[in-house]
Amino acid sequence: MWGISAKHGDVPSAYSKAFTESKYEIHLRILDGVTVTQETLDRIGVKEPDQLVLLLGRILYGLKHAGRLWHQLLCDTLLKIDFVQCIHDPCAFYKADEHGMTIVGVYVDDLLITGTTVERIDQFFTDMKVLELKDLGIVEKFLGMRIVWTKEGGYCIDQEQAIEEVLEKHGLAEANPVRVAISEVQVIEGDNELLKQKAVRLHRVPTIKDFQCLVGSFLWLSRCTRPDISFAGHRATRRSPAPTMQDYKLAKNIARYLKGTKGLKLHLREYSEPQSPIRIVSFSDADFVADNEDRKPVSAGV
């Protein structure tokens, strides 16, 4: 956007920068091995170290409300420097004036920053020194996505490395690729048996946890850079509570499709002909009432 590559920012130890809420007091016991002098005990007014507790001043990782208080601190900080929180996406902030615009995307403590000029982006890092925001330079990887700034003024985004890690984790790195993510699967005897809760010794068979982990990876991939597996991935997750071997075959088919297409990229750039209408082309194919549950034609991809 605007011919300027986005920068990546990170807030180290973000949660611990947020203060506790005044209406809730959190007390901590002294850890074993911590020595408290008798002078300190006398000044506080206690006789034994085990009677001493600490009042928590800043948030610790692991507390249930840590994430909320950190996000609240970040939002307050951005609002103080005249940023506006987007109504449709609360994780997006923007600042616009007569000199240009700055846009910030937030994911917990990772930030993506872009703007109409390089100076505006650099000024943002200066303004955010109060939270010790680190400038990690031009974004190259964000949330498992590889991001490449192109000479044409756009981005190429892919998750090839993430796909390879998923395949390796589930023993599918050497699987044969297929051309479609979902197709009609022939049901054979034994396919309707539920997957095991735990792996059986000497027999490497997929378990329910294996299935849930695999289809969960599909949801993340489809949400980020692979919308082409959205339907197939969501269809597989419908069976997560009680998956069968047939469901696992569907999940494995999606993984094989990803292996053959792991190099696909999303290319995001400014539309070169703003005066012309955007032309969208789609292709579809379908079966005829093959779904045994609701008879919807769903076997082919779109």
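All Cα-Cα distances of the stretch 1-62, cut into 5 Å bins from zero to the largest, leave 4, 13, 15, 15, 12, 13, 7, 5, 3, 4, 3, 3, 2, 0 percent in each bin in turn. Compute the semi-axes of the equivalent ellipsoid of the stretch 192-234, taking the square root of 5 times each eigenvalue of the Cα gyration tensor, and list them largest first in whole Å. Here the semi-axes work out to 27, 10, 7 Å.
Just want the answer: with Cβ charges of +1 for Lys and Arg and -1 for Asp and Glu, which residue in Ile113, Val178, Gly9 is farthest toward the dipole's positive end in the chain? So the residue furthest toward the plus end is Val178. If the limit is 22 Å between Cα atoms, which of Lys169/Lys209; Lys17/Lys141; Lys141/Lys262 go over it? Table pairs above 22 Å Cα-Cα are Lys17/Lys141. Highest GNM mean-square fluctuation among Gln197, Gln38, Gln159, for the chain modelled with Cα contacts below 10 Å: Gln38.
Most exposed first by the Cβ proxy, i.e. fewest other Cβ within 10 Å, how do Ile44, Ile147 rank?
Numbers: Ile44 10, Ile147 21.
With the fewest neighbours first, Ile44, Ile147 line up as Ile44, Ile147.
Taking every pair of alpha-carbon atoms in the stretch 1-130, give the share separated by more than 22 Å as a whole percent. It works out to 52 percent of all Cα pairs.
Dividing the helix sum by the residues of the chain, where each DSSP H run of 4 or more adds -39500 (n - 2.57), gives a mean residue ellipticity at 222 nm of -8500 deg cm²/dmol.
Springs join every pair of Cα atoms under 10 Å in this Gaussian network model of the chain, and among Asp50, Asp89, Asp228 the largest mean-square fluctuation is at Asp50. Candidate membrane-span-like segments in the chain, meaning DSSP H helices with Cα atoms spread over at least 20 Å of their own axis and a Kyte-Doolittle mean of 0.5 or above, are 208-224, with no membrane implied.
Based on Cβ point charges of +1 for Lys and Arg and -1 for Asp and Glu, what charge dipole magnitude is obtained for the chain about its Cα centre, in debye rounded to the nearest 20? Let's see the in-between values first.
Working: 39 positive and 42 negative charges, 148 e Å.
Charge dipole, the chain, about its Cα centre: 720 debye, nearest 20.
Below 10 angstrom from the Cβ of Asp10, what's the summed charge of the other residues (Lys, Arg +1; Asp, Glu -1)?
On the way: positive: Lys134; negative: Asp109, Asp110, Glu132, Asp135.
In short, -3.
GNM remark for the chain: springs join alpha carbons under 10 Å apart, and the peak mean-square fluctuation among Arg256, Arg279, Arg269 falls on Arg279. For the stretch 1-71 versus the stretch 207-224, the inter-centroid distance based on Cα atoms is 35 Å.
Neighbours of Trp70 by Cβ distance under 15 Å: Lys/Arg scored +1, Asp/Glu scored -1, total -2. The Cβ shell under 15 Å around Leu266 holds other residues with a net charge of +2, Lys and Arg each +1, Asp and Glu each -1.
At a threshold of 8 angstrom on Cα-Cα distance, excluding pairs fewer than six apart, so keeping six or more, what relative contact order does the chain reach in percent?
Values: 421 pairs, mean separation 53.7, N = 302.
Over the chain, the number comes to 18 percent.
Computed on the stretch 76-193, the Cα convex hull volume stands at 225 Å³ per residue.
Scaled to the compact-protein estimate 2.2 N^0.38 Å, what is the alpha-carbon radius of gyration of the stretch 69-126, rounded to two decimal places?
Details: Rg = 10.9 Å, N = 58, 2.2 N^0.38 = 10.3 Å.
Working it through for the stretch 69-126, the quotient is 1.06.
How big is the Kirkwood radius of the chain, worked out from every pair of different alpha carbons and given in Å to one decimal? Don't skip to the end; give the middle numbers.
Working: mean 1/r = 0.0417 Å⁻¹.
Computed over the chain, the radius equals 24.0 Å.
No value in this document is a laboratory result; all are computed from the given coordinates. None of these values were measured; they are calculated from a predicted model. Using ideal geometry, Cβ is built from the backbone for each residue, glycine included, and neighbour counts are taken over all protein chains shown.
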